[in-house]
1. Apply 1/(1 + (r/R0)^6) to the Cβ-Cβ distance of Arg337 and Asp44, taking R0 = 41 Å, and write down the FRET efficiency to the nearest 0.05.
2. Per-residue HN-Hα couplings for the stretch 143-156, Karplus 6.51 cos²θ - 1.76 cosθ + 1.60 at θ = phi - 60°, whole Hz, x for Gly and Pro?
3. Between the stretch 241-293 and the stretch 101-128, how far is it from one alpha carbon centroid to the other, in angstrom?
4. Under 28 Å Cα to Cα from Lys28, which lysines show up? Leave out anything in the same chain fewer than 8 places away.
5. Tell me what the chain gives for mean residue ellipticity at 222 nm when only DSSP H runs of n ≥ 4 count, each as -39,500 (n - 2.57), the sum divided by the residue total, rounded to 500 deg cm²/dmol.
6. Cα centroid distance between the stretch 17-39 and the stretch 385-454, in Å?
7. Report for the chain the percent antiparallel among DSSP-assigned beta bridges with both residues inside it, nearest 5.
8. Pull out the extension gain between Arg274 and Ala394, defined as 0.36 nm times the separation in residues minus the alpha carbon to alpha carbon distance; nm, one decimal.
Amino acid sequence: MRWRSEKRWCAVILAAGKGTRMRSHLPKVLHRIAGKPMLQHAVDTAVELGVNQVVAVVGHGAQQVRSQIHRVDSWVEQTEQNGTGHAVQCALADRALDSADFCVVMYGDMPLISQDTLVRLMQAAEMESLALLACDMSDATGYGRVRTTENRVSSVVEQSDASSAELSIRLANTGFVAAETRLLRTLISSLSTDNAQGELYLTDIFANAHAQQTPAALVLTDNETEATGVNDRRQQVQLERRYQRQIVERLMEQGVSFADPQRVDIRGELRCGRDVFIDVDVVLEGNVELGDGVEIGPFCRIADSRIAAGSRVDSHCAIDGVSLAAACSVGPFARLRPGTEMAEGAKVGNFVETKQAKIGASSKINHLSYVGDAVLGERVNVGAGTITCNYDGANKHRTTLEDDVFIGSNSQLVAPVTVGRGSTVGAGTTVTRDVEEGVLEVEHRDNKTVRGWVRPQK
Ligand code: UD1
Ligand code: CA
């Protein structure tokens, strides 16, 4: 869902905290869910929602965060992390927000908030100036608790400041707030550090608003996954599993089969045709496209690749930056590196590594080979143990095998080299110069037979 409004909206994403509870050298917001930094999830959601501007507040590890996160319009530094309220004060003090009529405050450690829910929160703020997103949680431990009167927010109490009666409240503060910028400026100017953590809490604006007879509207979500924050590694992996479950459910609805929906990880964008089958322990990363009827065997990693209809990847393959046409066959135990392109019906078998290799239709590299910087025509057969010697220590060189070439086992092709159409290279040949069309190229070393030879004894 995209946000449409006459007003100028700014998303302020809080990401300055250290994330002490992660016990990590990496700033918390750079920890990943589904292969993407948590902060990037929040930024992408805001950008795709269509807010006018995205501001991120950074502090702990600011340089590192800034270098790894994209699509942020302006960065605000919070040099000392004095709490979420202080972070918003820093953002409001930045010129970037001068033109924003409304702000929506988001969190770098709440990666899975949905656009639909943000839209509901923002609509409530346009009508009522201030709105808070809460979630009725089965276990609200760790979250601020939302106190209400007449269905509006009267205050939010932090876990560490709550009385035992307040701790029994299940309505959790997600932290997401939408407000008219002018009102937010007023409310945020009067925060105090008089609390258990000695910080400026953003959540204290709600008691202020209530005291000024402008209590916040309460917007609810019943989706605990989008309302879940990550403070430690246990929560991170819980959220990861829940998110993976969501992705897999959606793919199953689209007609994809999984041997076990709990044993697959999708870290990026996966597009599938009909009747794709994915076996156990497969990891799919980046942009992956699988055509109709593609089968992926167990224990494969596939990144940024396109696999066309009817192709089959057997178990234990590592495939990265590759394009396979229809009806190809790969593996088991193959490693296809970036720039590998297989035309229709081509085959790569076990213990084969390819890189920058164009493999023509119906060509085969079935066993134990390295084929790099190579162009193979159609119906080429590369025998077991063939190596393209593509690297001279300084530069890479190309090997070209024209249509219908047959390379005998255990041959070396010292690039740059071309083997002409229809030629055969005998087993065990080191090819150091171009081979013309239609010939047999063989390194001539006859066998010797020694009769009566005795094996050495101990
Ligand atoms: C906060 C809320 C809590 C809510 C929970 C939801 C406050 C006081 N508490 O608690 O009510 O239930 O989120 O997940 O707001 N940050 C800064 N600067 C700071 C402190 C934090 O930018 O000085 C950022 C952090 O990087 C993080 C986010 O704000 O992304 C939340 O901070 P965190 O310390 O995780 O707050 P919680 O204790 O989870
Ligand atoms: Ca948090």
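1. 0.90
2. Calculated HN-Hα couplings, in order: 8, x, 9, 9, 9, 10, 9, 6, 6, 10, 7, 9, 6, 10 Hz.
3. Using only Cα atoms, the two centres lie 29 Å from each other.
4. Within reach: Lys18, Lys36.
5. -5500 deg cm²/dmol
6. So the two Cα centres are separated by 52 Å.
7. 20 percent
8. 38.6 nm
Each value in this text was obtained by applying a stated rule to the coordinates, not by laboratory testing. Given the structure is predicted, the values throughout are model-derived calculations rather than measurements. Methodologically, a virtual Cβ is constructed for each residue, glycine included, from the backbone with ideal geometry; neighbour enumeration extends over all protein chains shown.
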